[in-house]
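Peer 1: Just dropping this structure here.
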Amino acid sequence: MMKNNGYEPEIIPAHVDEEILINMSCESAAMAMALKKAAYIAEQISTDESSDSNDGAVIIAADTIVVYGDEIMGKPVDQDDAYRMLSKLRNNYHQVMTGVAIIDTSKKLKICFCDTTSVYFKDYTEEELLAYVKTSEPYDKAGGYAIQGTFSKYIDHFEGDYDNVVGFPWYRVKEYL
């Protein structure tokens, strides 16, 4: 999305524990994880003496969760977990929340926000679900699906920002850039 809008981001993976914290709101959990990732990258570039990117770097990190009722659904750990999640979401709706953290290292500025989109699923068959969880797609996606992937045919509609469900609410990020 950034490249499509004239930016050339440097992608740096944040190697952090992605365990979701309990005893906080879903929105807070998504923002806390995004901030954890952004802070990790800020620390990495501040200690990298060979890098010119630590002067005036703008770090953007995001973390997306799926919320169904009181359950926060992260990435499925295995086929059974993907099946469990997607069975609950069948013929129902859930919320996709993406927490975003932006750190401007030159201004020592930190911004966090959360964007929420409601997604409504169709009633897919047991056979369709079993076939899908046997693919590789569910296992690096919160809730076990990608709105832009093969599972899109089972999405009835959504209320909110499509890009947020993809995992990067561009319209909100560009306001800060």
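Peer 1: Any chance the range 73-90 includes a residue that's within 29 Å of Ala39 (Cβ to Cβ) and assigned to a strand (DSSP E or B)?
Peer 2: Yes, the range 73-90 contains a residue that is within 29 Å of Ala39 (Cβ to Cβ) and assigned to a strand (DSSP E or B).
Peer 1: For Asp104, are the conditions met, namely being in contact (Cβ under 8 Å) with a residue 60 or more places away in the chain, of a type in the set (D, E, K, R) and either in contact with a helix residue (DSSP H, G or I) (Cβ under 8 Å, 6 or more places away or on another chain) or closer than 30 Å to Gln44 by Cα (or both)?
Peer 2: no
This table checks each residue for (1) closer than 19 Å to Asn164 by Cα; (2) at pLDDT 90 or above; (3) surrounded by 10 or more Cβ atoms within 10 Å (Cβ to Cβ).
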residue	(1), (2), (3)
Met1	yes, no, yes
Pro9	yes, yes, yes
Ala14	no, yes, yes
Glu27	yes, yes, yes
Met31	yes, yes, yes
Ala34	yes, yes, yes
Ala39	no, yes, yes
Ile45	no, no, yes
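Peer 1: Residue by residue through the range 119-139, note down the ones that are closer than 20 Å to Val165 by Cβ and part of a loop (DSSP other than H, G, I, E, B).
Peer 2: Those that are closer than 20 Å to Val165 by Cβ and part of a loop (DSSP other than H, G, I, E, B): Lys122, Asp123, Tyr124, Thr135, Ser136.
Peer 1: Can you spot a residue in the range 97-118 that is outside any strand (DSSP E or B), surrounded by fewer than 21 Cβ atoms within 10 Å (Cβ to Cβ) and at pLDDT 95 or above?
Peer 2: Taking the range 97-118 and keeping what is outside any strand (DSSP E or B), we get 105-108.
Okay, now just the ones that are also surrounded by fewer than 21 Cβ atoms within 10 Å (Cβ to Cβ), so 105-108.
Retained after the next criterion (residues that are at pLDDT 95 or above): none.
For the range 97-118, residues outside any strand (DSSP E or B), surrounded by fewer than 21 Cβ atoms within 10 Å (Cβ to Cβ) and at pLDDT 95 or above: absent.
Peer 1: If you scan the range 119-148, which residues turn out to be surrounded by 13 or more Cβ atoms within 10 Å (Cβ to Cβ), free of Cβ contacts under 8 Å to residues at least 60 places away in the same chain and either touching a Pro at 6+ places or on another chain (Cβ under 9 Å) or among the hydrophobic types (A, V, I, L, M, F, W, C) (or both)?
Peer 2: Of everything in the range 119-148, those that are surrounded by 13 or more Cβ atoms within 10 Å (Cβ to Cβ), free of Cβ contacts under 8 Å to residues at least 60 places away in the same chain and either touching a Pro at 6+ places or on another chain (Cβ under 9 Å) or among the hydrophobic types (A, V, I, L, M, F, W, C) (or both) turn out to be Val119, Phe121, Leu129, Tyr132, Val133, Tyr145, Ala146, Ile147.
Peer 1: While we're on this one: Taking the condition assigned to a strand (DSSP E or B) and over 15 Å from Ile147 (Cα atoms), does Ile65 pass?
Peer 2: It is false that Ile65 is assigned to a strand (DSSP E or B) and over 15 Å from Ile147 (Cα atoms).
For every residue, the table says whether it meets (1) small (Gly, Ala, Ser); (2) over 17 Å from Tyr40 (Cβ atoms); (3) at pLDDT 95 or above; (4) touching an Asp or Glu at 6+ places or on another chain (Cβ under 6 Å).
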residue	(1), (2), (3), (4)
Ala57	yes, no, no, no
Ile60	no, no, yes, no
Asp63	no, no, no, no
Val67	no, yes, yes, no
Asp70	no, yes, no, no
Met73	no, yes, no, no
Asp78	no, yes, yes, no
Arg84	no, yes, yes, no
Asn92	no, yes, yes, no
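The values are calculated or read from the model by the stated rules, or taken from the named source; none is laboratory data. Small disclaimer: the values here were computed from a predicted structure and weren't measured. When we count neighbours, we look across all protein chains shown, and the Cβ atoms used for this are built from the backbone with ideal geometry, even at glycine.
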